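What follows is a structure written as structure tokens; I'll ask about it next.
Please treat every number below as a calculation from the coordinates, not as lab data. Keep in mind it's a predicted model, so treat the numbers as computed, not measured. Here the Cβ is made from the backbone with ideal geometry for all residues, glycine too, and neighbour counts use every protein chain on show.
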Amino acid sequence: MGLTIPPPAITSDYTRHIARPAPDADHLREVPRPLGRRLSRDSAITAMVIADPPSPGDLDGGHWLWPHVEDLAAELALTAPEALTQIADPPRWANTYKSGAPDRPEAAG
């Protein structure tokens with residue numbers, strides 16, 4: 001796993017998901033998936049860890065990481081299958097945020 005946690009955003013080497021600063025709330029992060037809501041920094045890190053497995057499509061109840069995914073998902077009030085379903089489709093703005101383009105769709109014009 002390769003999360004980059006320093007401000008302003010939490011990014012990953014292995015996923016296009018990103019936890020970006022929430023507008024007008026520097027202490028919160030927007031994490032579209034899982035959850036689709038604003039989270040504390042710690043919860044955003046948890047969401048990014050869930051989004052960061054090497055092969056999320058290969059994870060199931062028999063995988064050795066499954067108990068960890070279940071525990072992390074529970075911290076976000078999700079089941080492991082719910083969390084993995086939500087991370088399957090990264091947000092539209094994930095790539096533009098990393099590339100330095102406008103990080104909000106409304107700012108892109």
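Taking 0.36 nm per intervening residue step and subtracting the Cα-Cα distance, what contour gain separates LEU3 from ALA25 on full extension?
Stretched out fully, the LEU3 to ALA25 stretch lengthens by 5.7 nm.
Counting other C-beta atoms within 10 Å, which of ARG20, ARG29 has the fewest, and how do the rest follow?
So the ranking, lowest neighbour count to highest, is ARG20, ARG29.
Now a separate question. Tell me, HIS17, HIS27, HIS68 in order of fewest to most beta-carbon neighbours within 10 Å?
If I rank by nearby Cβ atoms, fewest first, I get HIS27, HIS68, HIS17.
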